[in-house]
Structure formats: C-alpha cells, structure tokens
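Laboratory data are not the source of any read-out in this text; all were calculated from the coordinates shown. Bear in mind the structure is a predicted one, so any value in this text is a computation, not a measurement. Ideal geometry is used to build each Cβ from the backbone, glycine not excepted, and the neighbour counts take in all protein chains shown.
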Amino acid sequence: MYIQHNGVAMGAPLASVIADIFMTYLEITLMDKLTQLGVCEWYRYVDDTFVFINKDANVDNLLSIVNEFHPSIKFTRKIEDNDKLEFLNVHVIRSPEQQCSETTIYRRPTFTELLTNWNSYVPIQYKKVGIVSIVNRALNICSTCKLLEDEFNKIRRFGLYNNYPVSFIDTIIGIKLNQHRNKMITELDKPIIENKSTNEIQSVSNVSTVVHLRRSKGKIVQDCDIYIGRACNYGWLAIESK
C-alpha cells in the first residue's frame, strides 16, 4: 500500500486548502524579515505570489529564506525582464509612457493553438463554449483597447486554424463585447456605498478600479487602496511553488 507522507495528492480537493493554510503560516512567520530585505508588497493566489521589491533587493537571498522554511516545499522565481513579467495566465507589462502597468493574455511557449475542430463530430454547443471562454478571458484580462484588439485577432487566427467560420467567431466576439460594455456602464452608474464601520468601498463609480486589501489576521500588507494601472517604482518578482 502506498502511503503519502508529505502533502496531498495532486489535484485532490483538499490540496488548495492545505496550500493556502501553509502559505498563510509562511507569510505570518516570514513577512517581517522579508520586508526588511526589500519586499514592498506581496499578493498571492494559492501558492503563486506576485511581489513588489526594491530594485536593490537581493532576489536570491529572498528566495533562499522562503525555501528554508520547510524542507519539502521549494519555490522558483521569475524576475521582470524588459518591463514584462508572466504571472499565471496574465502577461503584466510596465508602460513607462503611460505611467502604468498593462495586462494581456499569457500563453506558454508549448501552446499549440488547437481547439475542438469545427469539422469534428462534437455538438456545436461545445465548440461555442470554447470560443466564448477565451473571448471572456480576453475581456477580463486585457487592460487596453489595443491589447484587446490584438487578442481578438489571435482568437480569429486560432479559429481559422481549426476551420471555424470567421463569422461564427465575430458573432461571439460582438455579443460578449456588448455584454461587457453594458456591464461596465451599469457599474459606472452605481453610486458609491461606503460602509462606515469598516471604511470599505463596496461599489465604485469612478473610472479607476479600486481594490481594498484587508486581512483580519496575519496582515501582510497594510490596509490600502490599490488603483489598478498606477505607476510603480518597484521591481516585480513572481514566486511559484515547484
């Protein structure tokens, strides 16, 4: 009988919960030390972390401290290169001209552009869902009209490569784009509702998106309003578990 002594099985429902518990404990234990060594801000999704660091910080030193926390858990890192950094499926781009950061879709070099072929014996609903999902992802991640247009052109190219009619793809793009635009207009029309007890903005009506970060225990970053697309003078670092 096989007995797993460390961690949980890959893909197990409990895996993300255990990973979150472990990472929270790591953050509570090490954050003061990491802050002293140059970590400015720390944002995490399960066990993948996007970190803002001082430009003179020693990245290898930071990584060694994190890797020494537990003998069975090791992390890798990616550093901003030419004002760009990939994090999960997002490509983050620093734009000095606009004094902000832009985001678009990131695909691994091994991506083959293969979708369910239009001529395959698969119900058309499944083919439609495949296109809808990548169009929605583009609308949610691409931060500028130019990047969104480029992504739509890639989706058209993927569709043609898999024998999809261009009219089919353009119809889906048009429908989802109108839905997204109507949703944005609705959000902009909502008034700001402020909870006096926590001072957290529940609905935003201004153009910039505001994310209020707050943790009741094990605070990693001070409570602050982060304006998406703001200028940043820090370096970027992505830390990922192996």
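Tabulated values for the structure
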{"read-out": "Chain lengthening between Glu240 and Tyr45 when straightened (0.36 nm per residue, less Cα-Cα)", "value": "69.2 nm"}
{"read-out": "Å³ per residue enclosed by the Cα convex hull of segment 87-189", "value": "118"}
{"read-out": "Cα shape, segment 14-110, gyration tensor, a/c 1.5 rule", "value": "oblate"}
{"read-out": "Distance from segment 136-161 to segment 47-91 (C-alpha centre basis), Å", "value": "28"}
{"read-out": "Fewest-first sequence of Cys40, Cys142 by Cβ atoms within 10 Å of each Cβ", "value": "Cys40, Cys142"}
{"read-out": "In Hz, Karplus ³J(HN,Hα) per residue of segment 144-159 (6.51, -1.76, 1.60; θ = phi - 60°; x = Gly, Pro)", "value": "10, 4, 5, 5, 5, 4, 4, 5, 4, 5, 5, 4, 4, 5, 4, x"}
{"read-out": "For segment 126-185, radius of gyration divided by Kirkwood radius, i.e. Rg to Rh on alpha-carbons", "value": "0.95"}
{"read-out": "Using a Förster distance of 22 Å, the FRET efficiency for Leu160-Arg181 (Cβ separation, nearest 0.05)", "value": "0.30"}
{"read-out": "Residues with amide H under 5 Å from that of His91, placed H, sequence gap 5 or more", "value": "Thr104, Ile105, Tyr106"}
{"read-out": "Which listed pairs, of Lys127/Lys154; Lys74/Lys127; Lys154/Lys183; Lys33/Lys74, have C-alpha distances above 28 Å, in listed order", "value": "Lys74/Lys127"}
